[in-house]
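Please read the structure below before turning to the comments.
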Amino acid sequence: MSAHPGPRARLAGGLLLWYAVLGGAVAWAVHLFAAWGVDELTCASGRERIGALPLQAVVAIAVVLPALATVGALLAAALVWRRTAHPPEGLDEHPVRRSRLLAVVAIWSNLLFLAIIVLGGAALLVLPPCLR
């Protein structure tokens, strides 16, 4: 048996690492454009509903879904960090240490992006949607 992972395992591990590193940032960008953009455009048009849904329900969805994606990225970063704690024997140590460093950076950045999404969503949901 080979100690080196196969191409499918390397691809899955690489995609997991990229999701861990970039997931929170992309989720925050989606939240920013969706929640704030929908709020501003709907209020500028003089309405407080989008189709059959009230504006606050749409904003809540635009907060909850990116927050869940960020939590998923945070969990993926924690998984990568745990998997790289004890590398198998015979494996080159530099890529493993690099992946572990990226996982630590991903954990902290995802915590930051989660806080930004939650606090930004709280501002959108607590304040009246359209002040005239």
Review point. Somewhere in region 35-58, is a residue at pLDDT 85 or above and aromatic (F, W, Y)?
Key: no
Review point. Would region 2-11 turn up any residue that is exposed (fewer than 14 other Cβ atoms within 10 Å of the Cβ), modelled with pLDDT of 85 or more and of a type outside the set (S, T, N, Q)?
Key: no
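Residue-by-condition table, conditions (1) surrounded by 16 or more Cβ atoms within 10 Å (Cβ to Cβ); (2) closer than 14 Å to L16 by Cβ:
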residue	(1), (2)
S45	no, no
A52	no, no
I61	no, no
G72	yes, yes
L79	no, yes
H86	no, no
R100	yes, yes
A103	yes, yes
N110	yes, yes
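Is it true that L125 is surrounded by 13 or more Cβ atoms within 10 Å (Cβ to Cβ), at pLDDT below 90 and either in contact with a Cys (Cβ under 9 Å, 6 or more places away or on another chain) or basic (K, R) (or both)? Even if it seems obvious, please write down each step before you answer.
Working: surrounded by 13 or more Cβ atoms within 10 Å (Cβ to Cβ): yes; at pLDDT below 90: yes; either in contact with a Cys (Cβ under 9 Å, 6 or more places away or on another chain) or basic (K, R) (or both): no.
Criteria not met by L125.
Given the criteria surrounded by 13 or more Cβ atoms within 10 Å (Cβ to Cβ), of a type in the set (A, V, I, L, M, F, W, C), in contact (Cβ under 8 Å) with a residue 24 or more places away in the chain and in a loop (DSSP other than H, G, I, E, B), does C130 qualify? Working first, answer last.
Numbers: surrounded by 13 or more Cβ atoms within 10 Å (Cβ to Cβ): yes; of a type in the set (A, V, I, L, M, F, W, C): yes; in contact (Cβ under 8 Å) with a residue 24 or more places away in the chain: yes; in a loop (DSSP other than H, G, I, E, B): yes.
Taking the combined requirement at face value, the residue satisfies it.
If a residue has to be among the aromatic types (F, W, Y) and in contact (Cβ under 8 Å) with a residue 40 or more places away in the chain to count, how many in region 91-115 make the cut? Lay out the reasoning, then the answer.
Going residue by residue through region 91-115, those that are among the aromatic types (F, W, Y) are 108, 113.
With the extra rule that they be in contact (Cβ under 8 Å) with a residue 40 or more places away in the chain, the set shrinks to 113.
So the answer is 1.
The values are calculated or read from the model by the stated rules, or taken from the named source; none is laboratory data. Small disclaimer: the values here were computed from a predicted structure and weren't measured. Here the Cβ is made from the backbone with ideal geometry for all residues, glycine too, and neighbour counts use every protein chain on show.
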